[in-house]
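Participant: The structure follows.
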């Protein structure tokens, strides 16, 4: 499924299915596959503070993209490590 630039894919590698995500770099325009350990998800109190990030394997740029509800669902379901951002009062 392709949602706003990230696609979740599964592959069988000697046992349970390994989840990989297809992503693209906005800097060098490369397309590639990343496993869950290469992506970080931050969930904040608003759409502006909810995003996922990764390092482009081609140009090594730090990439940060917004994550709507569906992307959050795909990434958490695929085992991506999640950081919950809390607002201080």
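Participant: Would you confirm, using the coordinates I've provided, whether residue 29 is at pLDDT 85 or above, out of contact with any helix residue (DSSP H, G or I) (no Cβ under 8 Å at 6 or more places or on another chain) and loosely packed, with under 14 Cβ neighbours inside 10 Å?
Facilitator: Criteria met by residue 29.
Participant: Test residue 54 against the criterion of being free of Cβ contacts under 8 Å to residues at least 40 places away in the same chain and touching a helix residue (DSSP H, G or I) at 6+ places or on another chain (Cβ under 9 Å), and give yes or no.
Facilitator: Against the criterion (free of Cβ contacts under 8 Å to residues at least 40 places away in the same chain and touching a helix residue (DSSP H, G or I) at 6+ places or on another chain (Cβ under 9 Å)), residue 54 qualifies.
Participant: One residue is enough: does region 39-47 have a residue meeting the conditions in a loop (DSSP other than H, G, I, E, B), more than 11 Å from the chain's Cα centre (by Cα) and either without any contact (Cβ under 8 Å) to a residue 24 or more places away in the chain or under 21 Å from residue 24 (Cβ atoms) (or both)?
Facilitator: yes
Participant: In addition: Failed condition for residue 57, given (1) in a strand (DSSP E or B); (2) at pLDDT 95 or above, with all others met?
Facilitator: Of everything listed in (1) in a strand (DSSP E or B); (2) at pLDDT 95 or above, residue 57 misses just condition (1).
The values are calculated or read from the model by the stated rules, or taken from the named source; none is laboratory data. Source: prediction; values computed, not measured. Neighbour counts run over all protein chains shown; Cβ positions are idealised from the backbone, glycine included.
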